[in-house]
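Right, one structure below, let's go through it.
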Amino acid sequence: MEYFAKRYDTGQPVRITVRGTKVQSVTPIPSGEDLPTAAPGLFDIQINGGLGYDFSSETITVGQAAEVFRQVIGCGVFRFCPTFITNSAEAYRHGVLTLMELVETYPEFRPVMAGIHLEGPFIANETGPRGSHPPKYCVPYNADRSGSLPFRRPTTARRSSSADSTPWGFWSRRGTRMPRRTRFPKRRRLARAW
């Protein structure tokens, strides 16, 4: 399949040849008026929601999450991590289950969701490091409790943010920065909220 566009960086008209899902070549062409602009897709590691919907809401539906995904994709983002801000275990559980149902209902969104980004709950409950996180959901780091985060199914938590005053650090697809006994496998299935 061939597309004609202007490069975002030079404005040069080009022919873009695609086979399957891979760009095979980008070839300059002599001219092209009224061509769309072609640019690399964006990757966002933190999108909390959109269109008035919050992924952290205990009431977000699959349909609402799909609207957000379509909006994000329409803005040029090809992969992103839906983000859950520090919240109750029930909100984490509902959000993760909703996103899992989303990618089962709309398989086209599966490659768009790079993982899930958790903010907290291991956030220092003191003014400063806590930022705008709700104090009632901030909990101190606990190695025994960290293994019961609510992720035990194919949709994976890839990143967790925490306050600098905790040893939690962050973990991602490439590995972890955590105390040795709390390392997570790359994938965990959703079983129960802690």
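Readers should treat all values here as calculations from the given coordinates under stated rules, not as data from a laboratory. If you're wondering where the values come from, they're calculated on a predicted model, not measured in any experiment. Don't worry about glycine lacking a Cβ; one is built from the backbone with ideal geometry, like all the others, and counts go over all protein chains shown.
For segment 1-131, state what percent of all Cα-Cα pairs lands in each successive 5 Å bin, counting from 0 Å until the bin that includes the largest distance.
Going out from 0 Å in 5 Å bins, segment 1-131 shows 2, 10, 16, 17, 13, 11, 10, 8, 6, 4, 2, 1, 0 percent.
Please work out the ratio of the alpha-carbon Rg of segment 65-110 to 2.2 N^0.38 Å and round it to two decimals. Intermediate values should be presented prior to the final figure.
Working: Rg = 11.4 Å, N = 46, 2.2 N^0.38 = 9.4 Å.
Ratio of Cα Rg to 2.2 N^0.38 Å: 1.21.
Segment 84-135 to segment 1-29: how many Å between their Cα centroids?
37
Give a quick list of GluC sites (Glu not before Pro) in segment 1-72 that DSSP marks as loop, anything other than H, G, I, E or B, with at most 13 other Cβ atoms within 10 Å.
On the way: sites: GLU2, GLU33, GLU58, GLU67; in loops: GLU33, GLU58.
Answer in residue order: GLU33.
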